[in-house]
Amino acid sequence: ASSGTNVRKLAKDEACFITGGTRSRLFIRDQKIDLPILQGKESTGANSIAVWDKKTFAIVGGDFTNATSTEKNCVLSKDAGKTFFAPSTPPFGYRSCVEYISKSKLITCGITGVDVSENGGMNWINISTTGFHVVRKAKKGKAVFLAGSRGRIAKLLQ
């Protein structure tokens, strides 16, 4: 993924990663977990995973050729990928990156905008229709930055 967030740290010496395209999967150690996210074409699939703890995940994606579609563009897990569920209100289109700001607050972005969830990813609110490719929270501190095409940079005001 162009956001660089399809590989994430699970523990000090362990990582997970997701794949998109014709078949979307989550890989943890020797486990290959099929994802209930839109897939089947090269333009579809999972693009970004955010990990809160070793078992709480948010995964976003969709179809970048149908960037406004909300069909199967986000899934959540609270048990390290054993089960997944869709949000009640999904992000507003294809999303290329997702990041935890706190245990209950997440931010996601894509070419059609930026969405925030205040309840662990269950309901997303669109806060901007400006497209961005990546969002990252500072490792230490509270700063959250977004980056997009043609050098576009933004800072989330909290």
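Run the accessible area of the chain with a 1.4 Å probe and give the carbon-and-sulfur part as a rounded percent.
Accessible surface attributable to carbon and sulfur in the chain totals 53 percent.
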Please list, or write none, the aspartates and glutamates whose alpha carbon is within less than 15 Å of the alpha carbon of residue 140, excluding same-chain residues fewer than 8 places away. 99
What are the extents of the Cα atoms of the chain along their three principal axes, in Å, largest first? 38, 36, 29
For the pair residue 118 and residue 9, the simple spin-label estimate (label points 7 Å beyond Cα toward Cβ) gives in nm 3.0
Of the residues 45, 148, 61, which exhibits the maximal mean-square fluctuation in a Gaussian network model of the chain defined by a 10 Å Cα contact cut-off? 148
Quick calc, residue 102 & residue 41: beta-carbon distance into FRET formula, R0 35 Å, rounding 0.05, result 0.50
Just tell me which aspartates and glutamates come within less than 14 Å, Cα to Cα, of residue 54; anything on the same chain fewer than 8 places away is out. 13, 14, 79
Check residue 94: other-chain or 5+ apart residues with amide H under 5 Å from its amide H, H built from backbone geometry? 63, 68, 69
Of the trypsin sites (Lys or Arg not before Pro) in the stretch 1-54, those whose Cβ has at most 16 other Cβ within 10 Å and which sit in DSSP loop: 12, 23, 29, 41, 54
Counting only heavy atoms of the protein chains, get the accessible area per residue of the stretch 106-158 (1.4 Å probe) and round it to a whole Å² value. 57
Site residue 52, offset 7 angstrom along Cα→Cβ, radius 14 Å on amide nitrogen, limited to the stretch 90-122, gives 99-107, 117-122
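The values are calculated or read from the model by the stated rules, or taken from the named source; none is laboratory data. All values reported here derive from a predicted model rather than from experimental measurement. Cβ sites come from the backbone with ideal geometry, for glycine too, and all protein chains shown count toward neighbours. The area values use the complete protein model at the heavy-atom level, side chains included, leaving out ligands, DNA and RNA. Shrake-Rupley method; radii C 1.70, N 1.55, O 1.52, S 1.80 Å.
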